[in-house]
Amino acid sequence: MGYCYLSPAVQRRFTPVNAGWKAGAVPLETIYARNRELTAKLRGTLANAGWNAVDLPEPNQSTIVSVPLGGREPARLVGVLSEQGIVCAERDGNLRLSVHFYNHEDDIDRLVMALASSGS
């Protein structure tokens, strides 16, 4: 971890290139809203590609999305995704995916393309 202090006069000369978690006026609510938005996109994009997530009532949903693997080989699929830089896990016969505020819609599209090309 590193810290840097810039005087107000110097701060005006810099444009941030990345916002930290405290950048929002109400950061925790902002992060929660972004996570819910990404999770909804993940669920919808997976469903459109034929990878239906475990259906949960809206109040019970979190940023963790479980997708039943059926007859697919979990270790092989997780390995293929890992080789493409996609971090996920297998739990109880489901592919376990999770998003957070640092993810982007492109990450979801990349995941679905990797699933399609996995041969599973």
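The 3J(HN,Hα) values that the Karplus relation (6.51, -1.76, 1.60; θ = phi - 60°) gives for region 53-59 are, in residue order, 6, 4, 7, 10, x, 3, x Hz. Gly and Pro appear as x. The alpha-carbon positions of the chain define a convex hull whose volume is 144 Å³ per residue. Farthest towards the positive end of the charge dipole of the chain, among the residues Gly44, Cys4, Ala114, is the Cα of Cys4, using unit charges on the Cβ of Lys, Arg, Asp and Glu. Ranking His104, Ala25, Leu77 by how far each Cα lies toward the positive end of the dipole of the chain (charges on Cβ) leaves Ala25 at the top. Using θ = phi - 60° in the Karplus curve 6.51 cos²θ - 1.76 cosθ + 1.60, the 3J(HN,Hα) couplings for region 43-52 round to 4, x, 5, 4, 4, 4, 8, x, 10, 7 Hz; x is entered for Gly and Pro. Of the chymotrypsin sites (Phe, Trp or Tyr not before Pro) found in region 6-106, those that fall in a DSSP loop while having at most 15 other beta-carbon atoms within 10 Å are Phe14, Trp21, Tyr102. Adding -39500 (n - 2.57) for every DSSP H run of four residues or longer, then dividing by how many residues the chain holds, sets the calculated 222 nm ellipticity at -12500 deg cm²/dmol.
The residues Leu111, Leu69, when put in order of fewest to most other Cβ atoms within 10 Å, stand as Leu69, Leu111.
For the chain, the longest principal axis of the C-alpha atoms and the axis of helix 105-117 are separated by about 20°. Rounded to the nearest 20 debye, the dipole magnitude of the chain is 420 debye, with +1 charges on Lys and Arg beta carbons, -1 on Asp and Glu beta carbons, and the Cα centre as origin.
For Ile108, Ile86, the sequence from fewest to most other C-beta atoms within 10 Å is Ile86, Ile108.
Coordinate-derived values only; no laboratory data. Computed from a prediction, not measured in an experiment: that's the story for all the values here. Virtual Cβ from ideal backbone geometry, glycine too; neighbours counted across all protein chains shown.
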